[in-house]
């Protein structure tokens, strides 16, 4: 139960941000579950109190923030047009540092002591020392790096324009292998000591042996695969152009099911034994029972949903065309509320999931 004091504090927080003020709430985010929303059109981060379902802070960052990630007590925001990373102290909801990187950064991933930022148009990976939040190195990779994945010894980078995956040795911070995959690779995931890369033009998934760094199999999936996600022993591939999810068994590397969903699925996330598929043009979320691989529900959300973040009991969907978040209950599978944020929310992340 929320105390009267906590309710008073949250009410004060709402007054602080009323009218679009950029003043940030200073209560530590450790006291409640926060959802951080990257508003690409207004160059801000909206901080949501997940329990109160309310905006409690609006933080100005660099130009066109597209994604963010949490490391310890900091939120690192990748600013694509600003060629920078904004570092936010989540205890005070303020930017404490801005790190310059190469042009068009699109993703950040973390090792134990370093972060790696992929810059799409510069074809470089910027290495950041997490103790000082300063750039320590940069690495040339293929053309158009888009997504990255860390293993214990390597960083794998999907290069969309050059149809390759760069394998970077973390100790030497040099490219140790360049692996040819299909045209326009967009995403990757690690499972069963194999790397799976979705190739959006030939409609395939390349399977890479991470010990040999060679392609060992190619799997046919649906039309325009854009996202791949792992749940236990199965991979879920979102095929945007023919409105399906291809389910792949990671031991046989075969498609074991094709599930029809709503229009233009682009992202899949999991909670408990269910998969939630974001259908961008259908303005909906398809709920899939992972045991039976059948759709059990369809939730109607806002205009042009593009991303989904979970807390312990709720889902938060970023609706980029109407500047809102649709909130639904995970257990009841019903929409609870819609709250409005700044312009063009493209990504969200929770500090407690």
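Just so it is clear, none of the values below were taken in a lab; they were calculated from the coordinates. All figures in this text were calculated on a predicted structure; none of them were measured in a lab. Note that each Cβ is placed from the backbone with ideal geometry, even for glycine, and that neighbours are counted across all protein chains shown.
Quick check on segment 177-187. Is at least one of its residues in contact with a strand residue (DSSP E or B) (Cβ under 9 Å, 6 or more places away or on another chain) and closer than 16 Å to residue 267 by Cβ? Can you show your working first?
Pass one, segment 177-187, residues in contact with a strand residue (DSSP E or B) (Cβ under 9 Å, 6 or more places away or on another chain): 177-187.
Narrowing the set further to residues that are closer than 16 Å to residue 267 by Cβ leaves 186-187.
Looking for residues that are in contact with a strand residue (DSSP E or B) (Cβ under 9 Å, 6 or more places away or on another chain) and closer than 16 Å to residue 267 by Cβ, one finds at least one in segment 177-187, hence yes.
Would it be correct to say that residue 266 is in a strand (DSSP E or B), in contact with a strand residue (DSSP E or B) (Cβ under 8 Å, 6 or more places away or on another chain) and either touching a residue at least 60 places away in the same chain (Cβ under 8 Å) or under 14 Å from residue 191 (Cα atoms) (or both)?
So residue 266 does not fit the description; no.
Taking segment 86-122, which residues are over 18 Å from residue 66 (Cβ atoms) and outside any strand (DSSP E or B)?
90, 91, 92, 93, 111, 112, 113
Does residue 217 satisfy the condition of being within 22 Å of the chain's Cα centre (by Cα) and assigned to a strand (DSSP E or B)?
no
Does at least one position in segment 286-298 carry a residue that is touching a residue at least 24 places away in the same chain (Cβ under 8 Å) and farther than 18 Å from residue 333 by Cα?
Checked against the condition, which is being touching a residue at least 24 places away in the same chain (Cβ under 8 Å) and farther than 18 Å from residue 333 by Cα, segment 286-298 yields no hits at all.
Those residues that are within 15 Å of the chain's Cα centre (by Cα) and surrounded by fewer than 22 Cβ atoms within 10 Å (Cβ to Cβ), I need them from segment 233-266; list them, please.
Listed by number, the list holds a single entry, 266.
Hey, residue 302 hits all of (1) crowded, with 18+ Cβ neighbours inside 10 Å; (2) assigned to a strand (DSSP E or B) but one; which does it fall short on?
Of everything listed in (1) crowded, with 18+ Cβ neighbours inside 10 Å; (2) assigned to a strand (DSSP E or B), residue 302 misses just condition (2).
Among the listed residues 173, 224, identify the single one that is farther than 29 Å from residue 114 by Cβ, surrounded by fewer than 21 Cβ atoms within 10 Å (Cβ to Cβ) and touching a residue at least 24 places away in the same chain (Cβ under 8 Å).
The conditions single out 224.
Is it true that residue 325 is within 26 Å of residue 43 (Cβ to Cβ) and either buried (at least 21 other Cβ atoms within 10 Å of the Cβ) or without any contact (Cβ under 8 Å) to a residue 24 or more places away in the chain (or both)? If you could, list the steps in order and put the result at the bottom.
Values: within 26 Å of residue 43 (Cβ to Cβ): yes; either buried (at least 21 other Cβ atoms within 10 Å of the Cβ) or without any contact (Cβ under 8 Å) to a residue 24 or more places away in the chain (or both): yes.
Considered against the rule, which asks whether it is within 26 Å of residue 43 (Cβ to Cβ) and either buried (at least 21 other Cβ atoms within 10 Å of the Cβ) or without any contact (Cβ under 8 Å) to a residue 24 or more places away in the chain (or both), residue 325 comes out as yes.
Identify the residue in segment 66-105 that is within 16 Å of the chain's Cα centre (by Cα) and closer than 15 Å to residue 120 by Cβ and, among all such residues, is surrounded by the fewest Cβ atoms within 10 Å (Cβ to Cβ).
For segment 66-105, the residue satisfying everything is 66.
What number goes with the only condition from (1) surrounded by fewer than 23 Cβ atoms within 10 Å (Cβ to Cβ); (2) in contact with a helix residue (DSSP H, G or I) (Cβ under 9 Å, 6 or more places away or on another chain) that residue 58 does not pass?
Unmet condition: (1).
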